[in-house]
Number of protein chains: 2
Amino acid sequence: MTWAEFAADKSARIKSSIPKEWLIKDLPTEEVSVMEFPKKSGIMSPEEIAITESSATDLVAKMAAGQLTSVAVTTAFCKRAALAHQLLNCCLEFFPEIALARAKELDEYYEKNKKVVGPLHGLPISLKDQFRIKGLETTMGYVAWIGKYEKEDSVLVTLLAKAGAVFYVKTSVPQSLMVCETVNNVIGRTVNPRNKNWSCGGSSGGEGAMVGFRGGIIGVGTDIGGSIRVPSAFNFLYGLRPSHGRLPYAKMANSMEGQETVHSVCGPLCHSIDDMKLFVTSVLAEGPWDYDSKVIPMPWRQAEEDAVNSKINSGGLTLGFFNCDGNVLPHPPILRGIQTVVDTMKKNGHNVVPWEPYKHPYAVDLINGIYASDGGTDIFTTLKESGEPAVPNFADLIHPSLPKIDMNELWEVHLKKWSYQSEYLAQIKALEAKLGKELDAIIAPITPTAAIRHNQFKYYGYASAINLLDFTSVVVPVTFADKNLDVKNADFKPISDIDKIVQDEYDPEAYHGAPVAVQIVGRRLTEEKVMAIAKEVGRLLGNEITP
Amino acid sequence: MTWAEFAADKSARIKSSIPKEWLIKDLPTEEVSVMEFPKKSGIMSPEEIAITESSATDLVAKMAAGQLTSVAVTTAFCKRAALAHQLLNCCLEFFPEIALARAKELDEYYEKNKKVVGPLHGLPISLKDQFRIKGLETTMGYVAWIGKYEKEDSVLVTLLAKAGAVFYVKTSVPQSLMVCETVNNVIGRTVNPRNKNWSCGGSSGGEGAMVGFRGGIIGVGTDIGGSIRVPSAFNFLYGLRPSHGRLPYAKMANSMEGQETVHSVCGPLCHSIDDMKLFVTSVLAEGPWDYDSKVIPMPWRQAEEDAVNSKINSGGLTLGFFNCDGNVLPHPPILRGIQTVVDTMKKNGHNVVPWEPYKHPYAVDLINGIYASDGGTDIFTTLKESGEPAVPNFADLIHPSLPKIDMNELWEVHLKKWSYQSEYLAQIKALEAKLGKELDAIIAPITPTAAIRHNQFKYYGYASAINLLDFTSVVVPVTFADKNLDVKNADFKPISDIDKIVQDEYDPEAYHGAPVAVQIVGRRLTEEKVMAIAKEVGRLLGNEITP
């Protein structure tokens, strides 16, 4: 069989996993957005629509109170996920039968014991196709990995299951994961539910599309250079890139496994900070540090969240912000997004001061070197196994002409990274000394563009500099690009080659309506704090549902 | 100048830093032990003897109460350190003038403000010659580094100074730090204060000798394969190897800088757990995570210590123990040391169960490969700079015939390490499931020998397996080798080549009186817990001073 035949077979198997009664008879071809499709599909009941448009927090509360069954909730999400795959091409595994059997078990447990198995009892959680589930494939967008069935679960899968989660789908990723769009030779391209001409982002782009479309309520992705945050931003979602060591990553599939200079991390994509907190607290409650040696024994620190809320209620938060990293100026919608957040926070009594992004172009160069430190050996070996070609954009980060660096060069890189990180902390301390206050977080772009047109994602720096710092970051959806407000900047003078390339892509008409987000960035291992600040930002913007 | 001339000059400069009135007129030549020398030296007053034989906890309390000045305390330790260097050859930098000027400043501050600058106000702290102090040299035992004066302080130095510490000495290390004895071509060999025929251990061996001799009250060392724990054990001291990320390491000098597969960590060598706690809490109170990006934002967790004390008072601790790692059987004094601790703990109501050391020989092989992962390039480059030869024993861990491993091989090592660590956690969980209780810590040998004869340190595995796991470990002094109790094992059958080499070294007569220690090992980042358990072990053995 050729690689194309393997891919076609896998594609067909995914399609055949959708029950006939959930198949769309007439696929919409004219509309660019499919956001309204489920309601008029005839496949989902009004109750199912309501369930999928609820919140995870609400759903687990209702299941725990016996007001809703896991079978009902799981059925609703399975149906909507089936629609998602047909409309957006976002699944690499879909297994409603296994999910419904599990949901039934949980319902029976509840019936019998009148209690839940854990805080996620009965809740469907969608997973990026990088998580291993025993008995299923994890292709991760590689044709070569088709047909390899997993013998054990990733640790996070084990712990989510212990907390009561139901798995039903594994979503698509770009080949190798090292691209911020989602395209591979297994199933092709995943598109944005708001506009098929836009990318869903990547590498957790299948999650972005799925959760954005509400075929999922909490999705789990990974991030080594924006791969949770970019799809969150492009799909008007909240997304958490925790610092390394907060959530378990053991037994995940990966490209460049064992590369530890910059760690990939797991985190949720979801519709609210309340749901994000539900996810994080549920995982931490399982003591992940007893299963994965890289996880720090640090339970949820409620006091950190409470301290933010105290500040909100007296004196206000102190936030830095920047809108240009010195490499690439964001498009007008993003600049307006940053300004909207700054103005909103100021108007509500918070202190917002400019933050000088410290040597970000240097950081971006450094991390790009790290991504390519084996000269692409790992990835190209996997491509060669099947003979599939590399996807578009892939060569932006990794190409075979890059030299593999040697041990002593790597150690040099480690020292540079550590110095840079510590210098960044010193910059924060210096600003704090000047302000006489603690800097609570920094408001920054996460991408230089709103949800981008296909094959146009060129600049990773807003995301990846934060990975190099290992800072905690939460993406907050802000607004949508508006051709009337976000006019092209006629006076634009590029500060770099990549700046010109990025800016040339801006077209107010083509981007009209595209989601615009910012990231809220805090120091390393400040998840509770940054989430609490993100919640306040979202609340003041009107984008956070608070019960 | 030849390397030998550079070394001779440096040696002479160290000697000349000792004020004339502190010079020993007749160096003892016959006695093997110099432990009683200070009292009869005629150089130290009875008050100075009392100060140096007090505890750090007591000294800072008295200085904070105005009952003792820092000048008095600093003078006492400078004098005793001067004796230490003359008797043991343990200093690479000695700077009593700077120390006394600093002590005077602190006394004036106290006089004026009636308060201390921090919890270590006025306390002399000795440092391994790996810590940078602005204006002083850090040779780290390399002839090539003689004459390079530091432009800034290591972060831990900065924070200890903020907490009120006084620096007065930097102590000797083995060339390259990668040996567990202390010998270099700059000043030669440092010997054990209890017996000049025994090693003081290494690589923080100068600290071991200095604090063991009470020329220091708290010394700070580093540990990547036993370098805090071995000198602690050989000098009847408590020593803490915290997990990576708990205490700051930024801006330290090092061999193989940037090697991050196994991190070297900083930690104290001292006479009691109370003093250890004073040190750790003082550093954590400075918020080291704001200065060094690798430090985890984890303040002292009193609740973890309290939980241990609750267990001690009801139901007892649950401790595992082992006395052979499957590679090398310890000498009879160490086997008796382990048994003494096991019996003592059992007698006092604690639960002590056998622990099967999980694949330790595998772990030792893995970490040995990591130490040598650049094929010795870094170290041999530094040796070549001056032309000095490698010290004895050096080739046991690193020699130029070892191949430099490549990036993908390194990633393979990272994965093996991570799997091994996580499997170890699973072993602990499995035992806990069997016992129905939490395993609080593991009692283990730290070396297979009591304080060893020179050039005989051959087996690092008891220490280094713990470094690979990044577990927290506290060395507790137990007893002394006794030729009448620790007879040679006539039935010994070696289980490996190294086992035979180590066992052949045992000679009851030669080791009579040598310090015997164990390590108490806990999971990663469990410093509070392991220290509390070590305190209880020390208390029950009669080796921990409790006020």
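Within region B:305-334, how many residues turn out to be of a type in the set (Gly, Ala, Ser) and assigned to a loop (DSSP other than H, G, I, E, B)?
The total comes to 4.
For region B:113-152, enumerate the residues that are free of Cβ contacts under 8 Å to residues at least 12 places away in the same chain and within 15 Å of B:Asn254 (Cβ to Cβ).
Selection gives B:Lys148 alone.
What do you reckon, is B:Thr75 open to solvent by less than 20 Å² (accessible area, probe 1.4 Å), of a type in the set (Ser, Thr, Tyr) and closer than 30 Å to B:Gly188 by Cβ? Even if it seems obvious, please write down each step before you answer.
Values: open to solvent by less than 20 Å² (accessible area, probe 1.4 Å): no; of a type in the set (Ser, Thr, Tyr): yes; closer than 30 Å to B:Gly188 by Cβ: yes.
Judged against the criteria, B:Thr75 is not a match.
Confirm whether A:Arg523 is charged (D, E, K, R), under 23 Å from A:Ser422 (Cβ atoms) and open to solvent by 30 Å² or more (accessible area, probe 1.4 Å). Reasoning before the result, please.
Working: charged (D, E, K, R): yes; under 23 Å from A:Ser422 (Cβ atoms): yes; open to solvent by 30 Å² or more (accessible area, probe 1.4 Å): yes.
Against the criterion (charged (D, E, K, R), under 23 Å from A:Ser422 (Cβ atoms) and open to solvent by 30 Å² or more (accessible area, probe 1.4 Å)), A:Arg523 qualifies.
Could you tell me which numbered condition B:Arg301 fails, if it satisfies all but one of (1) within 14 Å of chain A (Cβ to nearest Cβ); (2) within 30 Å of B:Tyr506 (Cβ to Cβ)?
All conditions are met except number (2).
Looking at region A:178-206, which of its residues are touching a helix residue (DSSP H, G or I) at 6+ places or on another chain (Cβ under 6 Å), open to solvent by 10 Å² or more (accessible area, probe 1.4 Å), assigned to a loop (DSSP other than H, G, I, E, B) and aliphatic (A, V, I, L, M)?
Of everything in region A:178-206, just one residue is touching a helix residue (DSSP H, G or I) at 6+ places or on another chain (Cβ under 6 Å), open to solvent by 10 Å² or more (accessible area, probe 1.4 Å), assigned to a loop (DSSP other than H, G, I, E, B) and aliphatic (A, V, I, L, M), namely A:Ile187.
Please report, ordered by residue number, the helices (runs of 4 or more DSSP H) entirely within region B:351-437 with at least 2 residues that are within 12 Å of chain A (Cβ to nearest Cβ) and open to solvent by 10 Å² or more (accessible area, probe 1.4 Å).
Values: elements: B:360-371, B:377-386, B:407-435.
Where helices (runs of 4 or more DSSP H) fall fully within region B:351-437 and carry at least 2 residues being within 12 Å of chain A (Cβ to nearest Cβ) and open to solvent by 10 Å² or more (accessible area, probe 1.4 Å), they are B:377-386, B:407-435.
Looking at region B:277-295, I want the residues that are more than 10 Å from every other protein chain (Cβ to nearest Cβ) and have a partner that is small (Gly, Ala, Ser) and assigned to a helix (DSSP H, G or I) with Cβ atoms under 7 Å, at least 6 apart or on another chain. Which pairs are those?
B:Leu278/B:Ala56
Give region B:298-308 a look and list any residue that's open to solvent by 60 Å² or more (accessible area, probe 1.4 Å) and either in contact with a helix residue (DSSP H, G or I) (Cβ under 8 Å, 6 or more places away or on another chain) or closer than 25 Å to B:Pro248 by Cβ (or both), or say none.
Going residue by residue through region B:298-308, those that are open to solvent by 60 Å² or more (accessible area, probe 1.4 Å) are B:299, B:302-304, B:306.
Those that are open to solvent by 60 Å² or more (accessible area, probe 1.4 Å) and either in contact with a helix residue (DSSP H, G or I) (Cβ under 8 Å, 6 or more places away or on another chain) or closer than 25 Å to B:Pro248 by Cβ (or both): B:Pro299, B:Gln302, B:Ala303, B:Glu304.
Which of (1) in a loop (DSSP other than H, G, I, E, B); (2) crowded, with 24+ Cβ neighbours inside 10 Å; (3) in contact with a helix residue (DSSP H, G or I) (Cβ under 6 Å, 6 or more places away or on another chain) does A:Tyr168 not meet, given it meets every other one?
(1)
Note down all Cβ pairs under 8 Å where the first residue falls in region B:356-371 and is touching a residue at least 60 places away in the same chain (Cβ under 8 Å) and closer than 13 Å to B:Trp418 by Cα, the second is open to solvent by 10 Å² or more (accessible area, probe 1.4 Å) and in a helix (DSSP H, G or I), and they're at least six residues apart or on different chains.
Correct list of pairs: B:Leu366/B:Val413; B:Leu366/B:Lys416; B:Leu366/B:Lys417.
Conditions: (1) among the aliphatic types (A, V, I, L, M); (2) within 22 Å of A:Gly208 (Cα to Cα); (3) surrounded by 23 or more Cβ atoms within 10 Å (Cβ to Cβ). A:Ala441 meets all but one. Number of the miss?
Only one criterion is unmet by A:Ala441, namely (2).
Out of the helices (runs of 4 or more DSSP H) lying entirely within region B:8-93, which hold 1 or more residues that are within 24 Å of the chain's Cα centre (by Cα), within 30 Å of B:Tyr109 (Cβ to Cβ) and among the acidic types (Asp, Glu)? Before you say what the answer is, go through the steps one by one.
Working: elements: B:37-40, B:46-52, B:56-64, B:70-88.
Per the criteria, B:56-64.
The values are calculated or read from the model by the stated rules, or taken from the named source; none is laboratory data. Values in this document were obtained by computation on a predicted structure and should not be read as measured data. No Cβ is skipped: glycine too gets one built from the backbone with ideal geometry, and neighbour counts run over all protein chains shown. To get the accessible areas, we keep the full protein, side chains included, count just its heavy atoms, and leave off ligands, DNA and RNA. Shrake-Rupley method; radii C 1.70, N 1.55, O 1.52, S 1.80 Å.
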